[in-house]
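What follows is one structure encoded as structure tokens, with my remarks underneath.
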Amino acid sequence: MHINQDPDGTLARLSLRGQTLSASAQTLRELGLRLPPGIAAEAPDIRLDQLSGVRVDYDARNQRLDLEVPVHMLDRPTTYLRAGPERSAVAVSNTSPGLLLNYDLHAQQLQGERDIDGYLELRLFGLGPGTWSSSQNTRLGSGPGGEHATSTRLDSRWQLDLPDRMLSLSLGDQLSGALSWSRSARMAGLHLARDFSLQPYRVTTPLSSFAGEAVLPSTVDLYINGVRQASQRVAPGRFQLDAMPALNGIGQAQLLVTDINGHSSALEFPLYGAPELLQRGLSDWSLDIGVLRRDYGIRSFAYDHQPLASASLRHGLGERLTLEAHAEAAQDLQLAGIGAVGLLADRGGVLSASVSGSQAGGLRGSQRSLGYQWNAPGFSVSASTQRRSPRFADAPAYLRQATLPLRTDRFFVGFGNVHSGQFSLNYISQRYPGMPDIRLAGAGWSRSLPGQAWISLQLNHDLGERDMDNIYLYVSTPLDRHTQLSSALRHADDGNGVTLEANHSQVLDNGDWGWRAQTSTGAQSSAHLEINHLHEQGRWALGLDHISDIGTLAYVNSTGSLAWFGSGLHRLRRADDAFALVSTSGVPGVPIRLQNQPVGSTDARGELLVAPLHAWQRNLLSIDPLALPADMQIDAFEQQVVPAARSGVRATFRLQPSKPLSVNILGLDKRWLRAGTPAVIESHGRAVTSTVIGHDGQLYLDNVPADASLRVRQDSRECRLALPDPGSPPVAPIALEPLQCHP
């Protein structure tokens, strides 16, 4: 049975009278056909040739029936298709136990004063669930006033991520969750939150749905702004394609349906991508319980004594509406607010609004916010305003007795094209209690020039009491792929200035050098010179800064990591996120690639630590086979690893030197063994592999195992011989004198 040239694969009971086929209404429904009006639902005998628009082709010899029916008669469920990457967690590679120390060391000297500053982060992972980490700043100095040393703890935290549930739990120092109209607080305590980054391939924004119908088996191609995003095959009937809009703002989608006969039809859909929205039924939330951190970066253990709870929630109520809520509670503070983000019509832009109320120390206050943004190719605009009453306070402001602005207004518009360049206008206004208003306006223009050069012009004007102007012109010209010259002219009320710079950026490869030279003139002239080196074990820089009326400062900086991982202690580039220990089975000097970019070569132990890797995502590690010796064998040239956040994984490439052997074998009759004779290779009395003998009794083996022997069956008798050991790996196979096979 074929319906609209689509094999149905089912058997149906039909009646044949002469050349006329008929079927019951029940049979037609089972075939996925909708009965036309006027036909009884339980009709026992319906002639197929009397159905309007139906064409019947019956092959009696092969018992095959081909029906072609209008698409409106197909009573089949809509076929739902998905485009884009998978939307669930991927299998995470096993985390290996290890200890990592990130460091950023900076030493400088200026006019007899010496300072050494260091940022250190210690991280423990792979021992039990979660990851432990602690960071601190340390400073040592000496000068005319004597010597001094300080050390300040920054953050200490244990964190557990559950990617299958998209949940993150942490205990210790951290930032609380917040919304666009609320503020984060630096706290110590418990943090539990939905974390979409644990499933980076999942789409959280509303999916654009494209519906259509196909009469014949067809291929559906989705194009967004002229770029193909998906291609799917569909059966006859109605279909719906859900795809993530690959844009932020207005776009045009085209659905191209091509049937098996090559006929195409196109459907046009306008769409608007809004990353601020959540899919229908999807929630994003966070819960924090603890105490506020005080004097962060100054004191190690300064915490507020009042307990604080904070919660935030975003929920996709519909494809065009996301609701938001935020609440905070402390001993003398209560705060609650609600908000919404909505898409106006199909292409009307995104409107957001919120309202909050607080009661702090018995005083009540309120906060309101309103925002709008609209993006299109060549033009975008955004505007927002936030108003607070004088008595409104949130937890960070109330517990620290800080002052919040009463009003904040922002406006931005951008427009242009590749020929005229990009233009922008911006305005910001802010008012604090008892202070003059801050009002700033600006205009900008930028454009690419021939030869990949770039020019930009920025004008800023203070509309407040200071009434200051600032004009900034920047031009850059590349000399090659990694070297460029740039110049900047600055005009301000306090004087004019010129800056000239030449720099050579580093390539993300092993052993690359970079440098930067800069000179500035104006109210205070200065000069800067730096050379830096990036290698697989970190980065260091050496530089001089000369500032008129101050003197010359010399500095050296080094960043990297030390990891106790795998076979011992390793040095690597700074690993703020995940990393991998690549092993080449003890083979040194093997070049390793990450996402097809060289990152270094294995050490004398055949190992290399590669950082950084993207957590919870597929990272492609590979070896260039052309970089291996000709006598080296490898099972696979690439593999993908999916590390957990801030942890290490192992990736092993099984390399081994080849020990080829080529020998000619005489049989029991002292003649060459016949071509095609089966042969079994044994080692320590066990069969390792099997092969066949070639012409002139030739036997070729890629690798000869230890204590290898050969067993063949010649006619009705077996004969054996011990195979020689090739010894050290040769480039070409060892060719020996003919060997005699014995009973």
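Note down the nm distance, to one decimal, between modelled labels 7 Å out along Cα→Cβ at residue 556 and at residue 219.
Here the modelled spin labels are 6.2 nm apart.
Order by neighbour count: 49, 221, fewest other Cβ atoms within 10 Å first, most last. Don't skip to the end; give the middle numbers.
Numbers: 49 11, 221 18.
Ascending Cβ contact count within 10 Å gives the list 49, 221.
Compute the distance in nm between two label points, each set 7 Å from the Cα along the Cα-to-Cβ direction, one at residue 165 and one at residue 136.
3.4 nm
Pairs of alpha-carbon atoms within less than 8 angstrom and 6+ residues apart define the contacts here; what relative contact order does the range 420-505 have, in percent?
That works out to 19 percent.
Which whole-Hz ³J(HN,Hα) couplings does the range 594-605 yield from phi under the Karplus relation 6.51 cos²θ - 1.76 cosθ + 1.60, θ = phi - 60°, glycine and proline marked x?
Along the range 594-605, the couplings run 10, 6, 6, 10, x, 10, x, 10, 5, 7, 5, 8 Hz.
Which whole-Hz couplings ³J(HN,Hα) result when phi for each residue of the range 106-116 is put into the Karplus expression 6.51 cos²θ - 1.76 cosθ + 1.60, θ = phi - 60°, listed in order with x for Gly and Pro?
Taking θ as phi minus 60°, the curve returns 9, 10, 8, 9, 8, 6, x, 9, 10, 9, 10 Hz for the range 106-116.
Evaluate the relative contact order of the range 211-264 (contact order divided by residue number), counting alpha-carbon pairs under 8 angstrom at least 6 apart; express in whole percent.
46 percent
Cα gyration tensor of the chain, axes a ≥ b ≥ c as square roots of the eigenvalues: rounded (a/c below 1.5), prolate (a/b > b/c) or oblate?
Numbers: a/c = 2.08, a/b = 1.18, b/c = 1.77.
Because a/c hits 1.5 or more and a/b fails to exceed b/c, the chain counts as oblate.
Quick check on the chain: helices-only [θ] at 222 nm, where DSSP H runs of length 4 and up contribute -39,500 (n - 2.57) each and the sum goes over total residues. Nearest 500, please.
Helix contribution divided over all residues of the chain: -500 deg cm²/dmol.
5 Å is the cut-off here: which amide hydrogens, built 1.01 Å from N in the peptide plane, fall below it relative to residue 282, excluding neighbours closer than 5 in sequence?
Answer set, sorted by chain and number: 316.
Using the Cα atoms of the range 41-180 to build a convex hull, what is its mean projected area in square nanometres?
Seen from a random direction, the Cα hull of the range 41-180 projects 22.5 nm² on average.
At 7 Å along Cα-to-Cβ for each site, give me the label-to-label distance between residue 317 and residue 614 in nm.
Between residue 317 and residue 614, the label points sit 3.4 nm apart.
Decide, for the range 677-716, between rounded, prolate and oblate: order the square roots of the alpha carbon gyration tensor eigenvalues as a ≥ b ≥ c, take rounded if a/c falls under 1.5, and otherwise choose prolate if a/b is larger than b/c, else oblate.
oblate
Taking the Cα centre of the chain as the origin, how large is its charge dipole in debye, to the nearest 20, when only Lys and Arg (+1) and Asp and Glu (-1) carry charge on their Cβ atoms?
Dipole magnitude for the chain comes out near 1220 debye.
Report, by chain and number, residues whose modeled amide H sits under 5 Å from the one on residue 24, excluding near sequence neighbours (fewer than 5 apart, same chain).
Under 5 Å from the amide H of residue 24 lie the amide H atoms of 46, each far enough along the sequence or on another chain.
May I ask you to sort 169, 74 by Cβ crowding, counting other Cβ atoms within 10 Å and putting the fewest first?
169, 74
Evaluate the relative contact order of the chain (contact order divided by residue number), counting alpha-carbon pairs under 8 angstrom at least 6 apart; express in whole percent. Please report the intermediate quantities before stating the final value.
Details: 1972 pairs, mean separation 56.6, N = 743.
Once normalised by length, the contact order is 8 percent.
Apply the Karplus parameterisation 6.51 cos²θ - 1.76 cosθ + 1.60, with θ equal to phi minus 60°, to every residue of the range 513-528 and state each ³J(HN,Hα) to the nearest whole Hz, in sequence, with x for glycine and proline.
Running phi through 6.51 cos²θ - 1.76 cosθ + 1.60 with θ = phi - 60° gives 10, x, 7, 8, 10, 9, 9, 9, 10, x, 4, 9, 7, 8, 9, 9 Hz.
How would 166, 468, 435 line up from fewest to most surrounding beta-carbon atoms within 10 angstrom? Provide the component values of the computation, followed by the final result.
Working: 166 19, 468 14, 435 11.
Ascending Cβ contact count within 10 Å gives the list 435, 468, 166.
Compare the peptides 393-401, 674-682 by average per-residue count of other Cβ atoms within 10 angstrom and give them in order, highest first.
Details: 393-401: 19.8, 674-682: 14.9.
Top of the packing list down: 393-401, 674-682.
Just to confirm my numbers, what's the Cα centroid distance between the range 105-172 and the range 334-391 in Å?
When both Cα centres are located, 37 Å separates them.
Between the range 1-78 and the range 246-293, what is the separation of their alpha carbon centroids in Å?
39 Å
Using the crude model of +1 on Lys and Arg Cβ and -1 on Asp and Glu Cβ, and no other charge, please compute the dipole size for the range 255-403 relative to its Cα centre, in debye to 20.
660 debye
If R₀ is 35 angstrom, what is the calculated FRET efficiency for the pair residue 448 and residue 254, using the beta carbon separation as r and rounding to 0.05?
Taking R0 as 35 Å, the efficiency between residue 448 and residue 254 is 0.75.
I need the per residue convex hull volume for the range 423-525, using only the alpha carbons, in cubic angstrom as a whole number.
Working: hull volume 15.7 nm³, N = 103.
Hull volume normalised by residue count: 153 Å³.
Between residue 456 and residue 428, what FRET efficiency follows from the Cβ-Cβ distance if R0 is 25 Å, with the result rounded to 0.05?
The pair residue 456/residue 428 has a calculated efficiency of 0.80.
No lab work stands behind these numbers, since they all come straight from the coordinates. This structure is a prediction, so every number in the text was calculated from the model and none was measured. Quick reminder, even Gly has a Cβ in these numbers, built from the backbone with ideal geometry, and neighbours come from all protein chains shown.
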